[in-house]
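Colleague: If you scroll down you'll find the structure; I have some questions about it.
What follows draws every value from the coordinates through simple rules; no lab data is involved. None of these values were measured; they are calculated from a predicted model.
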Amino acid sequence: MARKKAGSWVLCAKNKGYPASLEIRKVYKALSDPDAEAHGFIRVVDESGDDYLYPSSLFVAVELPPAAAKALQPRPRPGRPARKPGTPNPKPRNMVRS
């Protein structure tokens, strides 16, 4: 797969080895990760807003019109603050009640 710019989009063409995680014919947001790309992987944001590495061979790069890209932006789950993709998950809060 060709090198992607930050915030590009990819279409899942195959999900071999990842049927529970990837849907064929679904568009995913891809994040730039030169180290992963050098090893044949791509960083993809899933529905939870978290990003994971998958083999690049499972995806095809696509260009979307701006309105479509905006509509496909991941949305935070209810009760969970928005997190910029690629940033580490926050540490859990102490749940001690007094």
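Colleague: Apply the Karplus parameterisation 6.51 cos²θ - 1.76 cosθ + 1.60, with θ equal to phi minus 60°, to every residue of region 66-72 and state each ³J(HN,Hα) to the nearest whole Hz, in sequence, with x for glycine and proline.
Modeller: Result, rounded to whole Hz: x, 5, 5, 4, 5, 5, 8.
Colleague: Residue by residue through region 31-42, which ³J(HN,Hα) values in whole Hz follow from phi under the Karplus form 6.51 cos²θ - 1.76 cosθ + 1.60 (θ = phi - 60°), with glycine and proline marked x?
Modeller: Ordered by residue, 3J(HN,Hα) equals 10, 5, 8, x, 5, 5, 4, 5, 9, x, 10, 10 Hz.
Colleague: Under the rule of at least 5 residues apart or a separate chain, name every residue whose amide H is placed under 5 Å from the amide H of Lys14.
Modeller: When sequence neighbours closer than 5 places are left aside, there are no close amide H contacts.
Colleague: Further, regarding this structure: Taking every pair of Cα atoms in region 8-71, average 1/r, invert it to obtain the Kirkwood radius, and report Rg/Rh to two decimals. The partial results should precede the final answer.
Modeller: Values: Rg = 11.3 Å, Rh = 11.9 Å.
Ratio of gyration radius to Kirkwood radius for region 8-71: 0.94.
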